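J.: Supplied in structure tokens, the structure appears directly below.
The values are calculated or read from the model by the stated rules, or taken from the named source; none is laboratory data. Just so it is clear, the model here is predicted, and its values are computed rather than measured. Here the Cβ is made from the backbone with ideal geometry for all residues, glycine too, and neighbour counts use every protein chain on show. To get the accessible areas, we keep the full protein, side chains included, count just its heavy atoms, and leave off ligands, DNA and RNA. Shrake-Rupley method; radii C 1.70, N 1.55, O 1.52, S 1.80 Å.
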Amino acid sequence: MSLRGAVRRALGSLVHRVWSVVRTAGAVSATSPAGYRFRRLGEGACLAFPMGAVFGEAWIEIGAHTLVGERVSISAGMGPGVDLGPTSIVRIGESCSIGRGSHIVGHQSIDIGDHVFTGPYVYITDQNHVYDDPETPIGRQWPRNNPVVIGSGSWLGTGAIILPGTRIGRQCVVAGGAVVRGEFPDHSVIAGVPARVVRHHVPGRGWLPPHLGGGRTESVSERPVERVVTAPAAPAGSTPP
């Protein structure tokens, strides 16, 4: 190996070692100084470094042993330094994994259950722009909020977009790139733009498409509050910024 090659190899090794130290030191946990800014950051929870835009921590809860990947943005409210009231806005359950580059943008209520996994670059928001006044720029019209619920045990594929008002049941799969709005029952496979149920688990029969009986669900009154009934997804409307 030439002297130049040896020097480059040594420098490369040094850079990687330093970066590893920086990543470890920059991660946010319940015991790190930045962790105390959150309303709740459970034991073993970690926000990987480098982080995305994170603000409104006093209204963000993250459960124990949840891993938030690199460059994930989590926000509560329009910007830092705003009093959002006595209750939390964004709640992420225990043992979740939020894929790198994802955005969770809360203004009213985003509730993510336990053991929810996402691919990278997932977008979840409870606020959308409106276009009621055709003469006023859309970005200057006051946006509209609608709570979001994602049931425990669900998986959200790469690039999925979860729009305001969405309620996803337990143990659901959301396909990569799906644009989701509406209410979806437990044990559903959700795909498309706009998203719809393409498979549903029927006990004793397995995972069936709707035309084979995969769309049947019990009524809301027969189930816990977090479980929801099938409803056709509304048109996607305006997309989040």
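J.: Classify the stretch 50-94 from the C-alpha gyration tensor, please: rounded if a/c falls under 1.5, else prolate or oblate depending on whether a/b exceeds b/c. Don't skip to the end; give the middle numbers.
T.: Numbers: a/c = 3.27, a/b = 1.29, b/c = 2.53.
Here the stretch 50-94 falls in the oblate category.
J.: After finding the eigenvalues of the alpha carbon gyration tensor for the stretch 52-186, what semi-axes result from the square roots of 5 times each, listed largest first in whole Å? Numbers along the way, then the final one.
T.: Numbers: eigenvalues 107, 66, 37 Å².
Equivalent-ellipsoid dimensions as semi-axes: 23, 18, 14 Å.
J.: Right, something else. If you place +1 on the Cβ of every Lys and Arg, -1 on the Cβ of every Asp and Glu, and leave all else neutral, what size is the dipole of the chain about its Cα centre, to the nearest 20 Debye?
T.: Details: 22 positive and 17 negative charges, 215 e Å.
Computed about the Cα centre, the dipole is about 1040 debye.
J.: Would you mind telling me the share, in percent, of accessible area of the chain contributed by carbon and sulfur at probe 1.4 angstrom?
T.: 58
J.: Can you tell me the orientation of helix 3-26 relative to the chain, as the angle in degrees between its alpha-carbon axis and the longest Cα principal axis, to the nearest 10?
T.: 50
J.: Just to confirm a number: summing +1 for Lys and Arg and -1 for Asp and Glu over residues other than L11 whose beta-carbon lies under 12 angstrom from that of L11, what do you get? Display every interim value, and only then the final one.
T.: Working: positive: R4, R8, R9, R17; negative: none.
Charge balance near L11 sits at +4.
J.: Provide the net charge surrounding A175, with neighbours chosen by a C-beta distance below 14 Å and charges set as Lys +1, Arg +1, Asp -1, Glu -1.
T.: Values: positive: R196, R199; negative: none.
In short, +2.
J.: Related question: Roughly how large, in nm² to one decimal, is the mean projection of the convex hull of the alpha-carbon atoms in the chain? Walk me through the intermediate numbers first.
T.: Working: hull surface 75.1 nm².
Spelled out: convex hull of the Cα atoms, projected over all directions, averaged, 18.8 nm².
J.: Summing +1 for each Lys or Arg and -1 for each Asp or Glu, what net charge is found among the other residues whose Cβ lies under 15 Å from the Cβ of A191? Numbers along the way, then the final one.
T.: On the way: positive: R181, R196, R199; negative: none.
Surrounding charge for A191 is +3.
J.: Please get the size of the charge dipole for the stretch 1-140, origin at its Cα centre, with Cβ charges of +1 on Lys and Arg and -1 on Asp and Glu, quoted in debye to the nearest 20.
T.: For the stretch 1-140, the charge dipole is close to 1180 debye.
J.: Also, I was wondering about something else. Express the accessible area of the stretch 140-186 per residue in Å², computed with a 1.4 Å probe while the remaining protein chains stay in the model.
T.: On the way: 1740 Å² over 47 residues.
Per-residue accessible area for the stretch 140-186 comes out at 37 Å².
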